[in-house]
Amino acid sequence: MRIGLIAPPWVPVPPPAYGGTEAVVDRLARGLVAAGHEVLLAAASNSTCPVPRVPGMEAAAEDRPVVAETATEVRHVLAAYAAMGDVDVIHDHTNAGPLLRCTDAGPPIVTTNHGPFGPELMPLFRAMRGVAVVAISHHQASTSEDVRIAAVIHHGIDVDTVPIGAGDGGYASFLGRMSPEKGAREAVLIARAAGVPLKMAAKLREDAEREYFESEVEPLLGGDIEFVGELGTEEKLELVGGSFALLDPMQWPEPFGLVMIEALATGTPVVAMRNACPLRQPSPKNCRASKMPTTASLPWSETTTTFTLPF
């Protein structure tokens, strides 16, 4: 099968640092090729994913804020669709691209919503015609209201590419975006209440992220609480793999939570707010051994859930 994949234009594929959607597209492209399919990827021109790519795309700025500018996205998807007229199916990970489907002509289109079905995106999905919409968790799908969900397909990760961490660093970790919904401030408060060191890595590029960091998180740093900046993939996995637990106190209904399965793949257990966690707790059978056998002694244990990763 010939499959066209369209990534957003804002971050290279794979991402040099933070970029959940781009990491998913990269793994999907490699996995489809490994399964015997032909893949044509539309992504920023400075992407390095080792599959055939649409030529002539614009480069993404790797060290600048991710600005969702309409003209840039429209140029990106127009070039992508023009190059994919003879594929068997298009899997579009942008917001603007699926809106181009105005007739039944051309290959079928599948789009994955990587964000919440909130007031900003619902008008877009309602306007899509002849497009199969995929959700990334059952909870996210349950919030789609009148938008028909074709399937729920969780994000995946190739655990063979993730090094097992020793978990012997003597610290908890936090990984994500520096924003209120990701719970960076709450992670600091939890670590202080538990009396454990914390190492934090987070995307910090947007004005809103800097404002939140300077007002809510930076004043709490010091002592055993350390912010190490935004890390690349290898450094990120090393940080999480060296910790005895990932603190992930999300303050919103996370559509999926890619950082959770990345942490679990290193063997590091996750401590997360139960009301914001989209993952189902797997059976203990055939699970990777946890580095932290219980949270019973931790002061926040009544409001958290821990998970281990089944093979």
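A few points about this structure:
- Meets criteria (modelled with pLDDT of 90 or more and of a type outside the set (A, V, I, L, M, F, W, C)) for Lys203: yes
- Selection within the stretch 166-213 - under 16 Å from Leu231 (Cα atoms), of a type in the set (D, E, K, R), touching a helix residue (DSSP H, G or I) at 6+ places or on another chain (Cβ under 9 Å) and touching a residue at least 60 places away in the same chain (Cβ under 8 Å): Arg177, Lys203
- Check on His93, within 24 Å of Leu258 (Cα to Cα), touching a residue at least 12 places away in the same chain (Cβ under 8 Å), surrounded by 18 or more Cβ atoms within 10 Å (Cβ to Cβ) and out of contact with any Cys (no Cβ under 9 Å at 6 or more places or on another chain): yes
- If the condition is being among the β-branched types (Val, Ile, Thr) and closer than 11 Å to Val89 by Cβ, then the stretch 1-38 contributes only Ile3.
- Any hit, the stretch 35-46, residues being part of a loop (DSSP other than H, G, I, E, B), under 22 Å from Gly115 (Cβ atoms) and modelled with pLDDT of 95 or more: yes
- Enumeration of residues in the stretch 259-274 that are touching a residue at least 60 places away in the same chain (Cβ under 8 Å), part of a helix (DSSP H, G or I) and more than 13 Å from Ser173 (Cβ to Cβ): Ile261, Ala265
- Just so you know, in the stretch 105-143 the residues that are of a type in the set (Gly, Ala, Ser) and surrounded by 17 or more Cβ atoms within 10 Å (Cβ to Cβ) include one that is modelled with the lowest pLDDT, and it is Ser137.
- The listed residue being closer than 20 Å to Gly85 by Cα, assigned to a loop (DSSP other than H, G, I, E, B) and of a type outside the set (Asp, Glu), out of Pro8, Pro14: Pro8
- In the stretch 222-249, the residues that are of a type in the set (A, V, I, L, M) and in contact with a strand residue (DSSP E or B) (Cβ under 6 Å, 6 or more places away or on another chain): Ile225, Val228, Leu231, Leu239, Val240, Ala245, Leu246, Leu247
- Picking from residues in the stretch 26-45 that are out of contact with any strand residue (DSSP E or B) (no Cβ under 7 Å at 6 or more places or on another chain) and touching a residue at least 12 places away in the same chain (Cβ under 8 Å), the one that is surrounded by the most Cβ atoms within 10 Å (Cβ to Cβ) is Asp26.
- Within the option set His91, His76, His138, being of a type outside the set (Phe, Trp, Tyr), assigned by TED's automatic domain parsing to the domain that holds Ala43 and more than 20 Å from the chain's Cα centre (by Cα) holds for one residue only, His76.
- Residue in the stretch 54-61 that is modelled with pLDDT under 95 and not in a loop (DSSP other than H, G, I, E, B) present: no
- Of the residues making up the stretch 115-133, those that are among the β-branched types (Val, Ile, Thr) and over 20 Å from the mean Cα position of the chain (by Cα) number 1.
- Once the stretch 160-194 is narrowed to residues that are surrounded by fewer than 19 Cβ atoms within 10 Å (Cβ to Cβ) and among the β-branched types (Val, Ile, Thr), the residue that is farthest from the chain's Cα centre (by Cα) is Ile164.
- Of the numbered criteria (1) surrounded by 18 or more Cβ atoms within 10 Å (Cβ to Cβ); (2) in contact (Cβ under 8 Å) with a residue 40 or more places away in the chain; (3) within 27 Å of Arg210 (Cβ to Cβ), the one Glu58 fails is (1).
The values are calculated or read from the model by the stated rules, or taken from the named source; none is laboratory data. Everything quoted here is computed from the prediction, not taken from an experiment. Quick reminder, even Gly has a Cβ in these numbers, built from the backbone with ideal geometry, and neighbours come from all protein chains shown.
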